[in-house]
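Computed from the coordinates by the stated procedures, all read-outs in this text should not be read as laboratory data. These figures come from a predicted structure and were not determined experimentally. Cβ sites come from the backbone with ideal geometry, for glycine too, and all protein chains shown count toward neighbours.
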Amino acid sequence: MRRARSRQSLVATACLAILIAAMSILPTNPAAANPVPSGNIAVTVKILRWSDQASYPFTVNQVRDTLFDGAQNTSDYFTALTNGDSALVEVTPIEQIPSVHASTDPAVINCDPDAFLSEVPPVPPGERLIVITPHMSSCPGNGLGDIPGTQVFINGVLNWRLMAHELLHNQGLNHAGACTSINAAGDCSGNSYGDPFDVMGASTGASAGFPSAFNLMLLEEIASPAQTPDITSDGVYKLKPANQPGSGVRLLAIPRPGGQYEYLILETRVKRAYDNFRSSGSRLYHGVSVRLASLNDSPNGISTLLVPANPKASTSSDRTSWPLGTCEVYKDGRSGASIRLLTIDSGIAKVQVAVNGHRLKNRAECQKTKPKAHAKIAGSTLKVSGKKLKFSVKCSAGKGPCKGKIVIKHGKKTVAKGSYKVKAKHKAKVKAKLTAKGKKVVKKGKPKKLKVFLKPKGGGKNVSKKLKVR
Ligand SMILES: [Zn+2]
């Protein structure tokens, strides 16, 4: 998969009014992003209070912990993301300053981030400016970030994921959504914040880790086209974790000609620092996440849409269950691709793909062995018929037939012996022949009850039941 070179120079002056927040909708926005700069990224932070109020929304230390010093912080997130290449630094000490605006000003009542960004001194080129204000309910979301650019506005909410989300908007990333409805072609209507795994989707609270493999490619953290191959022929492909550095394929891109989202993107991840918000056994780390993605333009400012690939999931189920699990199949109507996750071992997934409507060939890894059918003694009676005893056996669904030996006892004496064979999912009458002892027992007068044993051929659990004799 090849992306166009970043177009940030053309749109570097994108104005904040159209920038992404909870609601921001950009009619078209090229999926162009630029790498996170190497080395230290200087960040200047101003915390504002309204001129007619005494208190600031946060202390300097609270903001410093969030960005640089806390047990988990935005700077360390960037360092993890860039494999140690980048960090945020506080070149100008974080400052609390009174805003020129009072809480009753139209800029506050109507939420005008530009007004607050422009009242603080500009920062030198290449540096970032973050302005934090008290929370304004009139604002559409918790923050805004230039796409791309250098400015971030934070609306009275403080956490390291939100800061990372806005700063990654500055690198040109759009939102990560999820399918809210999906049609037979696999095309989706989507929402803007729906992806629970990508920090460009869910970004507040204790959710979301690294950006998706697609976004890591846009950031050039997954840089080589060899790591993001287009899949246009049937085969089995190895997929390494998207959130680990190194060589190898990190993303499989299946072209979807004519789709608004023109690629289906497959990735897997491992649990690691800053991408450890799910339990180890979760599908995020033991499955393949499937997304629709667009390089051309991002409909509604959403570059990727997470797809419910798990055959048991739907657009209304919990999205953390959406990745494809081992031996499950996802079919994309538009591309005609069928995808099966064969195995996942030490974070490396083996993915089988059949393109253009081809059928997936059976693979030993995923040939499920049908459970063996098992027999049950049906009914509650046993009939004496000449030298034979008759009763019914029911064979369950599964690999049949049910067959084995019959032994019927009166106390400790074996009174009849025989064999049974019943087709799976069937019920049939079976017979056992009276033994010499059995004949004597019956001659003396029918016993009231006899105990019947079924001993399945080739092992399996013996079955027994007392039946009334009639
Ligand atoms: Zn956003």
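The HN-Hα couplings worked out from phi for segment 178-183 by the Karplus form 6.51 cos²θ - 1.76 cosθ + 1.60 (θ = phi - 60°) are 9, 5, 9, 8, 9, 9 Hz, whole numbers, x standing for Gly and Pro. Extending 7 Å from the Cα toward the beta-carbon at both Asn83 and Ser38 defines two label points whose distance is 1.3 nm. Once the C-beta distance of Arg359 and Lys399 is scaled by a Förster radius of 25 Å, the resulting FRET efficiency is 0.60 to the nearest 0.05. All C-alpha pair distances within the chain, sorted into 20 Å bins from zero, spread as 22, 37, 19, 14, 8, 1 percent across the bins.
In terms of its C-alpha gyration tensor, segment 189-267 comes out oblate, because a/c is 1.5 or above while a/b does not outweigh b/c. Dipole of the chain computed with +1 at Lys/Arg Cβ and -1 at Asp/Glu Cβ about the Cα centre; of Ser321, Pro245, Pro211, farthest Cα towards the positive end is Ser321. For the chain, the dipole from Cβ point charges (+1 on Lys and Arg, -1 on Asp and Glu) about the Cα centre works out to 11080 debye, to the nearest 20. Below 13 angstrom from the Cβ of Thr343, what's the summed charge of the other residues (Lys, Arg +1; Asp, Glu -1)? Computed value for this residue: +1. Length gained on full extension, Thr414 to Val91: 107.0 nm, using 0.36 nm per residue less the C-alpha separation.
Listed values for segment 245-255 are Karplus-derived 3J(HN,Hα) couplings in whole Hz (6.51 cos²θ - 1.76 cosθ + 1.60, θ = phi - 60°), namely x, x, 8, x, 6, 10, 7, 10, 10, 9, x, and x replaces Gly and Pro. Once C-alpha pairs closer than 8 Å and six or more residues apart are averaged by separation and normalised to the residue number of the chain, the relative contact order reads 11 percent.
Estimate the FRET efficiency between Asp318 and Ser380 by the formula 1/(1 + (r/R0)^6), using the beta-carbon distance for r and 56 Å for R0, to the nearest 0.05. Step by step, r from the Cβ atoms, then E = 0.75. Note on the chain: dipole from Cβ charges, positive end direction compared against Gln227, Ile339, Cys395; the farthest Cα belongs to Cys395.
Legend: ranking of residues Ser338, Ser99, Ser314 from fewest to most surrounding C-beta atoms inside 10 Å; resulting order Ser314, Ser338, Ser99. Among the listed pairs Lys439/Lys465; Lys271/Lys361; Lys383/Lys444; Lys370/Lys431; Lys46/Lys271; Lys376/Lys443, those whose Cα-Cα separation exceeds 25 Å are Lys271/Lys361; Lys370/Lys431; Lys46/Lys271; Lys376/Lys443. Computing FRET efficiency as 1/(1 + (r/R0)^6) for Gln62 and Asp114, where r is the C-beta to C-beta distance and R0 is 25 Å, gives about 0.50.
Along the axis of the charge dipole computed for the chain (Cβ charges of +1 for Lys and Arg, -1 for Asp and Glu, origin at the Cα centre), the listed residues Phe197, Val108, Thr66 are led at the positive end by Phe197. About its Cα centre, segment 176-366 has a charge dipole of approximately 600 debye under the convention of +1 per Lys or Arg Cβ and -1 per Asp or Glu Cβ, with nothing else charged. Based on DSSP H segments of at least four residues, each scored -39500 (n - 2.57), the chain has a per-residue ellipticity at 222 nm of -2500 deg cm²/dmol.
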